[in-house]
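Visitor: After the structure tokens below, expect a handful of questions from me.
The values are calculated or read from the model by the stated rules, or taken from the named source; none is laboratory data. Just so you know, these numbers come straight off a predicted model, no measurement behind them. Counting neighbours? That spans all protein chains shown, and the Cβs are built from the backbone with ideal geometry, glycine included.
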Amino acid sequence: MAATLAGKRVAILATDGVEEVELTEPRRAVTEAGADVDLVSVSGGEIQAMKSDITPTNRYQVDQVASDARAEDYDALIMPGGTVNADRLRMNADVRRFVQDFFHAGKPVGVICHGPWTLVEADLVRGRTLTSYPSLRTDIRNAGGTVVDEEVVTDHGLVSSRSPRDLPAFCAKIIEEFAEGVHPEGATA
């Protein structure tokens with residue numbers, strides 16, 4: 001039986017520069033599985049998505065501002081990549097707090113491509129095994145994480161993938177992990 005996310009609320013954390021397909025494909029997957037989804041960002045209005053960090057694509061309406069967002073209002077979190085997106089997010093204290101609250105509660109988190117930069121900045125990769133875009137791997141190791149080069153990696157509710165080519169595996173795995181819910185063994189202090 002396929003996992004269902006009926007009744008679950010999922011936050012997608014993104015800002016200007018998000019890699020569009022890493023926003024739209026996971027959003028489509030969890031929505032089709034029955035979840036309600038909010039786009040959370042550093043400010044209100046719309047965010048500008050990109051293709052390959054260079055070409056502007058579509059704009060997406062923000063549902064919630066990170067400074068007002070609360071992890072307890074959501075069951076899971078998706079963090080798409082895009083170099084500029086990830087760099088902007090990791091520098092925002094409200095974003096880091098929001099992400100830390102998911103980890104402290106043991107709630108499942110899906111992160112892809114450059115998305116782990118925010119986890120590094122928030123000191124959330126220490127002792128974890130994950131994958132990412134190749135240019136982040138030294139940062140993850142320096143922050144105490146273990147990096148593997150695999151299509152999708154799961155570590156106590158943390159799902160990670162390397163790039164858009166891994167989206168089919170990533171989307172399938174986040175639905176599975178999000179359906180399982182809280183992973184107490186994955187909670188951080």
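Visitor: Does Pro116 fit the bill of being touching a Leu at 6+ places or on another chain (Cβ under 8 Å) and under 20 Å from Gln64 (Cβ atoms)?
Guide: On the way: touching a Leu at 6+ places or on another chain (Cβ under 8 Å): yes; under 20 Å from Gln64 (Cβ atoms): no.
Judged against the criteria, Pro116 is not a match.
Visitor: Still on this structure: How about segment 72-104: which of its residues are of a type in the set (A, V, I, L, M) and surrounded by fewer than 19 Cβ atoms within 10 Å (Cβ to Cβ)?
Guide: In the first step, residues of segment 72-104 are kept if they are of a type in the set (A, V, I, L, M); the result is 76-79, 84, 86, 89, 91, 93, 95, 99.
Correct list: Val84, Met91, Ala93.
Visitor: Could I ask something else about it? Could you check segment 126-156 and list, in sequence order, the residues that are among the hydroxyl-bearing types (Ser, Thr, Tyr) and under 24 Å from Pro184 (Cβ atoms)?
Guide: Kept after step one, since they are among the hydroxyl-bearing types (Ser, Thr, Tyr), are these residues of segment 126-156: 129, 131-133, 135, 138, 146, 154.
Selection gives Thr129, Thr131, Thr146, Thr154.
Visitor: Let me ask something additional. Just one of (1) free of Cβ contacts under 8 Å to residues at least 24 places away in the same chain; (2) over 14 Å from the mean Cα position of the chain (by Cα) trips up Ala105, so point out which.
Guide: Condition (1) is where Ala105 drops out.
Visitor: Does at least one position in segment 50-57 carry a residue that is modelled with pLDDT of 95 or more, part of a strand (DSSP E or B), crowded, with 19+ Cβ neighbours inside 10 Å and of a type in the set (Ser, Thr, Tyr)?
Guide: Among the residues of segment 50-57, not one is modelled with pLDDT of 95 or more, part of a strand (DSSP E or B), crowded, with 19+ Cβ neighbours inside 10 Å and of a type in the set (Ser, Thr, Tyr), which makes the answer no.
Visitor: If I ask for residues that are without any contact (Cβ under 8 Å) to a residue 40 or more places away in the chain, assigned to a loop (DSSP other than H, G, I, E, B) and hydroxyl-bearing (Ser, Thr, Tyr), which ones from segment 122-141 would you list?
Guide: Step one: list which residues in segment 122-141 are without any contact (Cβ under 8 Å) to a residue 40 or more places away in the chain, which gives 122-123, 125-132, 134-141.
If we keep only those that are assigned to a loop (DSSP other than H, G, I, E, B) too, we end up with 122-123, 125-128, 131-132.
Within segment 122-141, Thr131, Ser132 meet the criteria.
Visitor: Given the criteria over 17 Å from Asp166 (Cβ atoms), surrounded by fewer than 20 Cβ atoms within 10 Å (Cβ to Cβ), at pLDDT 95 or above and touching a Leu at 6+ places or on another chain (Cβ under 7 Å), does Gly34 qualify?
Guide: Yes, satisfied.
Visitor: From Val111, Val21, Val30, Val99, grab the single residue that is within 21 Å of Val153 (Cα to Cα), in contact with a Ser or Thr (Cβ under 8 Å, 6 or more places away or on another chain) and assigned to a helix (DSSP H, G or I).
Guide: Details: Val111 fails: assigned to a helix (DSSP H, G or I); Val21 fails: in contact with a Ser or Thr (Cβ under 8 Å, 6 or more places away or on another chain); Val30 fails: in contact with a Ser or Thr (Cβ under 8 Å, 6 or more places away or on another chain).
From the options Val111, Val21, Val30, Val99, the qualifying one is Val99.
Visitor: Sticking with this structure for a sec: Look through segment 153-188, keep the residues that are touching a Phe, Trp or Tyr at 6+ places or on another chain (Cβ under 8 Å) and surrounded by fewer than 21 Cβ atoms within 10 Å (Cβ to Cβ), and return whichever of them is nearest to Trp117 (Cα to Cα).
Guide: Taking the candidates together, the pick is Ser163.
Visitor: Is it the case that Val182 is in contact (Cβ under 8 Å) with a residue 24 or more places away in the chain, within 16 Å of the chain's Cα centre (by Cα) and part of a loop (DSSP other than H, G, I, E, B)? First the steps, then the outcome.
Guide: Numbers: in contact (Cβ under 8 Å) with a residue 24 or more places away in the chain: yes; within 16 Å of the chain's Cα centre (by Cα): yes; part of a loop (DSSP other than H, G, I, E, B): yes.
For Val182, the condition - in contact (Cβ under 8 Å) with a residue 24 or more places away in the chain, within 16 Å of the chain's Cα centre (by Cα) and part of a loop (DSSP other than H, G, I, E, B) - is met.
Visitor: So in segment 58-96, with the set limited to residues that are of a type in the set (S, T, N, Q) and in a strand (DSSP E or B), which one is nearest to the chain's Cα centre (by Cα)? Write out each step before concluding.
Guide: In the first step, residues of segment 58-96 are kept if they are of a type in the set (S, T, N, Q); the result is 58, 61, 64, 67, 83, 85, 92.
Checking which are in a strand (DSSP E or B) leaves us with 58, 61, 64.
Values: Asn58: 20, Gln61: 18, Gln64: 15 Å.
Filtering segment 58-96 for residues that are of a type in the set (S, T, N, Q) and in a strand (DSSP E or B), the one nearest to the chain's Cα centre (by Cα) comes out as Gln64.
Visitor: Could you grab me the full set of residues in segment 142-156 that are in a loop (DSSP other than H, G, I, E, B) and at pLDDT 95 or above? Steps first, answer last, please.
Guide: Going residue by residue through segment 142-156, those that are in a loop (DSSP other than H, G, I, E, B) are 143-145, 148-151, 156.
Across segment 142-156, the qualifying residues are Ala143, Gly144, Gly145, Val148, Asp149, Glu150, Glu151.
Visitor: In addition: Which ones in segment 157-171 are touching a strand residue (DSSP E or B) at 6+ places or on another chain (Cβ under 8 Å) and either outside any helix (DSSP H, G or I) or touching a residue at least 60 places away in the same chain (Cβ under 8 Å) (or both)? Steps first, answer last, please.
Guide: Restricting attention to segment 157-171, the residues satisfying the condition of being touching a strand residue (DSSP E or B) at 6+ places or on another chain (Cβ under 8 Å) are 157-164, 166-167, 169-170.
Across segment 157-171, the qualifying residues are Gly157, Leu158, Val159, Ser160, Ser161, Arg162, Ser163, Pro164, Leu167, Phe170.
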